[in-house]
Amino acid sequence: MTPSETVIRVEHLRKVYKHTIAVEDISFDVGRGEIFGLLGSNGAGKTTTVECLEGIRRADGGSIRVLGLDPQRQASALRGRVGSQLQESRLPDHLKVWEALELFAGLAPRALDWRELLNAWGLAEKRSSSFASLSGGQRQRLFVALALVSDPEIVVLDEMTTGLDPAARHVAWELIEEIRDRGATVVLVTHFMDEAERLCDRVAVVERGRIVALGAPVALIDEHAPELRVVFTAGDRDVGWLAGLDHVRAVTQGGPRVTVHGDGPVLALVAAALVERGMVPRDLRVERPSLEDVFLGLTGHHVED
């Protein structure tokens, strides 16, 4: 990544609340047009980090540049260039959807037409509905529209899908991809591993105020959780001989279910060996590791713990 492509640079960020170190030492860059994820359990330091880069909180150490500017000393110059959907976002219950959008547009130096955002984010039918009457998914759509009404270059989404049902989460994922497709850079704060793996170009795994891994999800999985599992049913046939194949580390058999642990081209090698011996299991499949496996390996606990 060349310096001209960098829109966010955080170097050795530190933030302390009395005797609690919220962020100990965090450094990362974000490139223009990326969906960059800050991934970790609750209390890891993710929200404090983005609040510092938005200028909401003052860092106790390190430096931050957003679009080349200091978010504390040059906040007015950044106004409208960074849109935020914060973790604790809320509006007055009686405020109507169109009123919220008109209000936020009036505060932005170069606002988009908020009426177009109503249609773009599926809120046209809820135009005159109060905030209190909106469903969780509709509120998230509104918060994203409010974050975008200033036509920002960077959009920060903090725990956007927390509390949503699975269907609403998938809709939210599509919205996030649309934000990037519209030309904005996205900083996504989440503790959902599947969300980060699906959406992010790169992720920083945050644990106890430090980044313990940084890179593309696929690259992190390959580096920290390379083992593949080939699974199939073999009835009562003994397939322990598969342990002798290249790239096979172990074979476990519990009843009819067989799990072959390996790496690299293990699926192709196991499939070929089974066919050679006249076995063609219909349920042969590979189970790949995920970011959850990476997180567990790096931190020693699941993200929910």
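Criterion first (closer than 17 Å to residue 37 by Cα and of a type in the set (Gly, Ala, Ser)) does residue 235 satisfy it? Write out each step before concluding.
Working: closer than 17 Å to residue 37 by Cα: no; of a type in the set (Gly, Ala, Ser): yes.
No, not satisfied.
Scanning region 285-305 for residues that are more than 15 Å from the chain's Cα centre (by Cα) and among the hydroxyl-bearing types (Ser, Thr, Tyr) turns up just one, 299. Check whether at least one residue in region 151-164 is within 30 Å of residue 286 (Cα to Cα), outside any strand (DSSP E or B), at pLDDT 85 or above and not acidic (Asp, Glu), and report yes or no. No, that holds for no residue.
Scanning region 43-90 for residues that are buried (at least 16 other Cβ atoms within 10 Å of the Cβ) and not polar (S, T, N, Q) yields a count of 24. For region 2-23, filtered to residues that are modelled with pLDDT of 85 or more and polar (S, T, N, Q), the residue that is nearest to residue 43 (Cα to Cα) is 20. Residues in region 218-245 that are of a type in the set (Val, Ile, Thr) and closer than 22 Å to residue 295 by Cβ were compared, and the one that is surrounded by the most Cβ atoms within 10 Å (Cβ to Cβ) is 221. As for region 127-142, it holds at least one residue that is exposed (fewer than 15 other Cβ atoms within 10 Å of the Cβ), touching a Lys or Arg at 6+ places or on another chain (Cβ under 9 Å) and either within 22 Å of residue 81 (Cβ to Cβ) or small (Gly, Ala, Ser) (or both). Please verify whether region 246-254 includes one or more residues that are surrounded by 11 or more Cβ atoms within 10 Å (Cβ to Cβ) and in contact with a Ser or Thr (Cβ under 6 Å, 6 or more places away or on another chain). Yes; the residues of region 246-254 include at least one that is surrounded by 11 or more Cβ atoms within 10 Å (Cβ to Cβ) and in contact with a Ser or Thr (Cβ under 6 Å, 6 or more places away or on another chain).
With respect to residue 271, is the statement that it is of a type in the set (A, V, I, L, M, F, W, C), more than 29 Å from the chain's Cα centre (by Cα) and surrounded by 14 or more Cβ atoms within 10 Å (Cβ to Cβ) true? Against the criterion (of a type in the set (A, V, I, L, M, F, W, C), more than 29 Å from the chain's Cα centre (by Cα) and surrounded by 14 or more Cβ atoms within 10 Å (Cβ to Cβ)), residue 271 qualifies.
The values are calculated or read from the model by the stated rules, or taken from the named source; none is laboratory data. Just so it is clear, the model here is predicted, and its values are computed rather than measured. With ideal geometry, Cβ positions are generated from the backbone for all residues, glycine too; neighbour counts draw on all protein chains shown.
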